[in-house]
Structures are given as structure tokens and as C-alpha cells.
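In what follows, a single structure is set out as C-alpha cells and then discussed.
The values are calculated or read from the model by the stated rules, or taken from the named source; none is laboratory data. Predicted model, so just to flag it, every value in this text is computed and none were measured. Methodologically, a virtual Cβ is constructed for each residue, glycine included, from the backbone with ideal geometry; neighbour enumeration extends over all protein chains shown.
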Amino acid sequence: HLHQFPYSVLVVGGGSTGVEMAAEIKTEYPDKKVVLIHSRIGLADPELLPSVRQQAKEVLLEKGVELRLGQKVVSLSELQLNVTQRNMEVATERGETLTTDLIVCCTGLKVNSAAYASTDSLTDSGALKVNQHLQIQGFSNIFAVGDCADVKEPKMAYHAGLHAAVAVSNITNGLRGKELTSYHTGNITMLLAMGRNDGVGQFNGLKLPRSVVALGKSRDLLLWKSWREMKQTQP
């Protein structure tokens with residue numbers, strides 16, 4: 001439905017997801033007006049290199065995405081999200097009014113803690129407090145991996161996989177009475193696909209050329225990797 005309608009799209013939230021979303025829409029539908037509003041001045045994840053975050057901003061501007069940085073949307077929860085509706089008015093805390101036909105929310109997700117809400121090991125975001133072995137605070141036989149683990153790093157499937165390996169190792173080591181393995185984030189690796197023809201990112205803390213990211217991730221979003229890990233053949 002994006003092809004014919006709407007004429008304009010507002011992406012709320014300029015973290016890595018919002019940056020990728022705005023670039024993707026503008027790449028596939030260059031005739032659409034795309035505006036990205038972000039509460040902070042810096043785009044993408046704060047853990048990324050400043051040069052990579054600046055490059056993400058440059059790519060968006062090159063593609064024609066309008067940026068409204070350092071601004072917040074008023075009463076976001078009351079707006080119609082992900083629904084096409086002509087000329088919706090969106091107010092910012094600065095008193096400005098934006099008009100858009102579609103609002104895409106990329107402000108981040110709160111962890112679904114319903115399965116363990118009764119525990120005392122929760123953070124305000126709903127994540128579980130863990131030690132360096134990924135054991136939940138107050139437990140030696142329960143581990144947390146992925147977004148529900150309170151580890152200070154970008155929330156990515158890649159990191160969840162690393163968590164899982166450590167947790168599995170520690171379950172085995174614990175049963176055998178061996179020393180437990182510690183999890184350390186180390187240098188951040190992250191690739192942002194900014195449309196099928198561009199991207200920014202870093203590998204082990206070093207900035208990558210845009211062409212390398214586009215070739216490595218943007219064209220197929222690393223789907224081949226998921227098929228291989230699941231030991232399946234892509235149709």
C-alpha cells in the first residue's frame with residue numbers, strides 16, 4: 001500500500017531501527033516525503049563510533065530524508081501508528097506541528113516480562129538483572145539471554161547468540177562442577193542496512209566503508225546466515 005499511498009511518512013525514533021527504516025522507505029519510494037524525528041541529536045546506537053553515527057546522518061540526508069533532531073512527539077501513545085490516514089497532525093514538544101499520512105514508531109520496545117514479573121530481579125525496563133555468567137540475580141541455576149538480559153550493549157540477535165553460547169557452556173560447567181564462563185561485550189560489531197544500496201557500520205570497533213556494508217548486509221539482510229544456522233535450504 002506504500003506504493004500508492006501515503007504521500008508522506010513520519011518515522012519516530014532515530015536509533016538504529018529508525019535509521020534503517022527511514023532509509024529503507026526513502027530508497028524504495030524516493031517520491032515519498034520521509035521525516036525522521038528523534039529525541040536526541042545523535043542518531044543510531046550510542047555505543048557506535050561517533051564517525052559511524054555521523055555517517056548514518058549523512059546517508060539519510062543524501063537520500064533526502066528530513067531530520068528533526070532533539071525533538072519529541074507529544075502523546076505518541078494516542079496517535080494512530082502504522083495506519084495510513086491522510087494529513088494526520090503530530091505535535092512536538094517545541095510547539096511545532098507535523099502533517100503526515102503514516103506514522104511508523106521505532107522508539108524501542110519494553111521487554112515483555114509477563115513470564116517472570118513476580119521476581120525481584122527486574123530492572124525498570126523489564127529486563128532481568130544478571131551477573132557476568134548471565135545467571136539471574138539471586139539464582140545459580142537460571143540464566144537469561146537476549147533482550148531480557150540486562151547487559152549494557154545494543155540489543156541485537158547477534159549478541160543473543162553469543163549469550164546463548166555462554167549460558168549453554170555454563171549450564172554444562174555448573175553440572176560438572178567446573179569454572180563458569182564470563183560474558184564480555186568487547187568491541188561492538190554492527191551493520192546498518194540503509195536501503196538495499198547503502199549502509200554504515202563497524203566491525204570489532206573499526207568503521208567500515210559504506211560499500212562493504214552494502215555488499216555484506218544491505219542487499220540480502222544476511223538472510224543466508226539464518227538459513228545456514230537453521231540448517232535449512234532457502235526456497
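Residues in segment 93-145 that are in contact (Cβ under 8 Å) with a residue 60 or more places away in the chain and hydrophobic (A, V, I, L, M, F, W, C) were compared, and the one that is nearest to H163 (Cα to Cα) is C106. Consider segment 113-135 and keep the residues that are under 24 Å from the mean Cα position of the chain (by Cα) and β-branched (V, I, T). The one that is modelled with the lowest pLDDT is T123.
Of all the numbered requirements in (1) crowded, with 18+ Cβ neighbours inside 10 Å; (2) among the basic types (K, R); (3) closer than 19 Å to V200 by Cβ, R68 misses one, and that requirement is (3).
Just one of the listed residues (V83, V34) is over 18 Å from the mean Cα position of the chain (by Cα) and not in a loop (DSSP other than H, G, I, E, B), namely V34.
Residue-by-condition table, conditions (1) modelled with pLDDT of 95 or more; (2) touching a strand residue (DSSP E or B) at 6+ places or on another chain (Cβ under 7 Å); (3) surrounded by 15 or more Cβ atoms within 10 Å (Cβ to Cβ):
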| position | (1), (2), (3) |
| --- | --- |
| R176 | yes, no, no |
| L180 | yes, no, yes |
| Y183 | yes, no, yes |
| N187 | no, no, no |
| G201 | yes, yes, yes |
| G216 | no, yes, yes |
| D220 | no, no, no |
| W227 | no, no, no |
| K231 | no, no, no |
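Scanning segment 152-173 for residues that are at pLDDT 95 or above, buried (at least 17 other Cβ atoms within 10 Å of the Cβ) and either within 24 Å of A114 (Cβ to Cβ) or among the small types (G, A, S) (or both) returns H163, A167.
For segment 37-50, a tally of residues being within 15 Å of the chain's Cα centre (by Cα) and within 16 Å of A22 (Cα to Cα) returns 5. Counting only helices (runs of 4 or more DSSP H) wholly contained in segment 125-235, no element carries 3 or more residues that are among the basic types (K, R) and farther than 29 Å from T107 by Cα. On the basis of being hydroxyl-bearing (S, T, Y) and either crowded, with 19+ Cβ neighbours inside 10 Å or in the same structural domain as K152 (by TED's automatic domain parsing) (or both), does S75 make the cut? No: the conditions fail for S75.
Taking the criterion of being modelled with pLDDT of 95 or more and among the basic types (K, R), no residue of segment 81-112 qualifies. The set of residues from segment 23-80 being out of contact with any strand residue (DSSP E or B) (no Cβ under 6 Å at 6 or more places or on another chain), among the small types (G, A, S) and at pLDDT 95 or above comprises A23, S39, G42, A44, G64, G70.
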